[in-house]
Amino acid sequence: MVSNVFSPSPKTPARYVWLLPSLWASFNVAALATLSVLFFSIPCRALAQRGEWAFPVATRLLCLLTFYSLIYMNISDPGTLHRGSVEQNPEASYVAHMNNKCFPMPWCAKCHLHRLPRIYHCDTCNICVEEFDHHCRWVNNCVGHRNIRLYLLLLLSMCLYLGAVLASCVVFLVHRRHMTFVA
C-alpha cells in the first residue's frame with residue numbers, strides 16, 4: 001500500500017499568530033527605552049554637567065512625546081468595523097450614494113459585511129478598518145481613520161527625537177575630541 005506523503009493536509013488555524021508581532025512591537029519599545037537610558041546616562045549627563053541644558057531638556061521632552069505616541073499607537077483603535085452576521089446575504093448588491101455618485105459596496109467574506117468605500121480588510125489583524133492606510137508592523141496596529149493623526153505624531157516626534165539625539169551626540173563628541181581614549 002502506497003501512502004501519499006505529499007497530499008495536502010487541511011490547514012489548521014494557528015493559535016498564536018498574534019504572539020510574534022506583539023513580541024516585535026514590545027522589542028521596539030524596549031529597544032527605544034534601553035537606548036534612551038544609555039543616551040541620557042552618558043552624553044546628556046556630561047552635557048548637563050558642563051552647563052549646557054538645552055540639549056538634555058529638549059531631548060527629554062521629545063523622548064516623552066515619542067514614548068507617549070508609540071505606546072498609545074499600540075493600543076489605539078484604527079477605526080475597526082465590527083463583524084456582521086452570518087445571515088446577511090453576500091449576493092445582495094448594496095450601493096452607497098455620496099456626492100451624487102454611486103459606489104458599490106463589496107462583500108467582505110471574513111467580516112460578513114458589505115464594506116463602504118475606503119474600508120479595507122487587514123489580513124494581519126483580520127478586521128475591516130475605516131479609511132485603512134496600512135498595517136504598521138513596528139507598532140503592531142493598523143493605521144486608519146481614528147489613529148492617523150497619532151501615527152503622524154509618532155513619525156514626527158521620532159524624527160525630531162532622533163535628530164536631537166544625533167545633535168547632542170555630535171556636541172558631546174566635539175567637546176570630548178581633545179581627550180585620549182583609555183580602555
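The values are calculated or read from the model by the stated rules, or taken from the named source; none is laboratory data. Just so it is clear, the structure is predicted and the values come from calculations on it, not from any experiment. Don't worry about glycine lacking a Cβ; one is built from the backbone with ideal geometry, like all the others, and counts go over all protein chains shown. Protein only, heavy atoms only, side chains kept; ligands, DNA and RNA dropped before computing areas. Shrake-Rupley method; radii C 1.70, N 1.55, O 1.52, S 1.80 Å.
Return the residues of the stretch 114-127 that are farther than 10 Å from P78 by Cβ and within 26 Å of the chain's Cα centre (by Cα); say none if nothing qualifies.
R115, L116, P117, R118, I119, Y120, H121, D123, T124, N126
Which residue out of V139, V165 is under 29 Å from C111 (Cβ atoms), β-branched (V, I, T) and within 27 Å of the chain's Cα centre (by Cα)?
Result of the check over V139, V165: V139.
State whether one or more residues within the stretch 55-74 are out of contact with any strand residue (DSSP E or B) (no Cβ under 7 Å at 6 or more places or on another chain), under 30 Å from R118 (Cβ atoms), modelled with pLDDT of 90 or more and outside any helix (DSSP H, G or I).
Checked against the condition, which is being out of contact with any strand residue (DSSP E or B) (no Cβ under 7 Å at 6 or more places or on another chain), under 30 Å from R118 (Cβ atoms), modelled with pLDDT of 90 or more and outside any helix (DSSP H, G or I), the stretch 55-74 yields no hits at all.
For the stretch 28-73, which positions are among the hydroxyl-bearing types (S, T, Y), open to solvent by 30 Å² or more (accessible area, probe 1.4 Å) and within 21 Å of V171 (Cβ to Cβ)?
Scanning the stretch 28-73 gives a single hit, S41.
If W24 satisfies every condition in (1) more than 12 Å from the chain's Cα centre (by Cα); (2) open to solvent by 80 Å² or more (accessible area, probe 1.4 Å); (3) under 22 Å from R137 (Cα atoms); (4) touching a residue at least 60 places away in the same chain (Cβ under 8 Å) but one, which is the exception?
Looking at each condition in turn, W24 falls short on (1).
So in the stretch 94-104, with the set limited to residues that are without any contact (Cβ under 8 Å) to a residue 12 or more places away in the chain and in a loop (DSSP other than H, G, I, E, B), which one is nearest to the chain's Cα centre (by Cα)?
Filtering the stretch 94-104 for residues that are without any contact (Cβ under 8 Å) to a residue 12 or more places away in the chain and in a loop (DSSP other than H, G, I, E, B), the one nearest to the chain's Cα centre (by Cα) comes out as N99.
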